[in-house]
1. Does W59 satisfy the criteria of being under 13 Å from the mean Cα position of the chain (by Cα), surrounded by 14 or more Cβ atoms within 10 Å (Cβ to Cβ) and modelled with pLDDT under 95?
2. Inside region 220-238, can you point out the residues that are under 23 Å from L40 (Cβ atoms), free of Cβ contacts under 8 Å to residues at least 40 places away in the same chain, part of a loop (DSSP other than H, G, I, E, B) and not aliphatic (A, V, I, L, M)?
3. Any residue in region 179-196 that is of a type in the set (K, R) and either assigned to a strand (DSSP E or B) or more than 30 Å from C86 (Cβ to Cβ) (or both)?
4. If you go through region 4-25 one residue at a time, how many are surrounded by 13 or more Cβ atoms within 10 Å (Cβ to Cβ), not in a helix (DSSP H, G or I) and not hydroxyl-bearing (S, T, Y)?
5. Within region 100-127, track down each residue that is surrounded by 13 or more Cβ atoms within 10 Å (Cβ to Cβ) and more than 30 Å from A188 (Cα to Cα).
6. May I ask you to say which residue of L35, L40, L65, L97 is modelled with pLDDT of 95 or more and exposed (fewer than 14 other Cβ atoms within 10 Å of the Cβ)?
7. Among the residues of region 79-135, count how many are within 30 Å of E150 (Cα to Cα) and assigned to a loop (DSSP other than H, G, I, E, B).
8. Hey, among the residues in region 130-155 that are of a type in the set (V, I, T) and farther than 13 Å from Y66 by Cα, which one's modelled with the highest pLDDT?
Amino acid sequence: MSEQQMPSYPVDDTNRVKRRHQRAHYDHATVHAVLDSATLCHVSYVIDGQPYCTPTLFWREGTTLYWHGSSASRMLRSLSEGQPTCLTVTHLDGLVLARSAFHHSADYRSVMAFGHARLIEDPAEKERALVMMVDRLFPGRTASLRPTTEQELKATSVVTMEIEKASAKIRAAGIIDDEEDYALPIYAERIPVHTLIGAPEPDGRLVAGVTRPATLSGFSAGRRLDEALTEAYAASYPAGS
């Protein structure tokens, strides 16, 4: 199936990639893959004419995005009113050193998702969302934790946004120089960039005999974070979404 035949987000002036349009992808599979291999996003919105951009943890279910924050958050209070919102994610994959300053670049994967955010008010829906906030990263972990208290539930808000439009933009080309520049005696290279998981640091106040559960084996030292997150997402939503 070609990208044009895959389920895709509608394209208009809001999400159409205008510069380097050949790097654009609007199909669900590409957009979702970039989202699911990340855990930190930036949410942009406007309050009284002033633009803001807030970093926060997020996750996806189907074509719906979720993120959380303090109930006292200015962002959450504003977005609960159904304000137009843009959520972005970016992975830096490499630094590109070419033979001219003009062609220095970076390899990356990014997504811009647009919609209207709403605050989750239903207690059962909110509680389920907060479970997935943890289990999306660490499948099944919530079941092993102490129950969330009523005060903790009140102190935390969850926002959801149906993805109305989205676009992914990906550069994975490495070095691209003007043809005549390849003959110049100038060094060029691509520097791969990855976020790697470090060695676990167990809490110093663990009860004697408590060991790291096997369910965390995906987050092993030296592994790429985006790969671990993609694997965790697939485990949390095995039916696919």
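1. no
2. Residues satisfying the conditions are S220, G222, R223.
3. Yes; the residues of region 179-196 include at least one that is of a type in the set (K, R) and either assigned to a strand (DSSP E or B) or more than 30 Å from C86 (Cβ to Cβ) (or both).
4. 6
5. Hits for region 100-127 are M112, A113, F114, G115, H116, A117, R118, L119, I120, K126, E127.
6. L40
7. 4
8. Only one residue tops the list, namely T142.
The values are calculated or read from the model by the stated rules, or taken from the named source; none is laboratory data. Keep in mind that what you see is a predicted model, and the values were worked out from it rather than measured. Quick reminder, even Gly has a Cβ in these numbers, built from the backbone with ideal geometry, and neighbours come from all protein chains shown.
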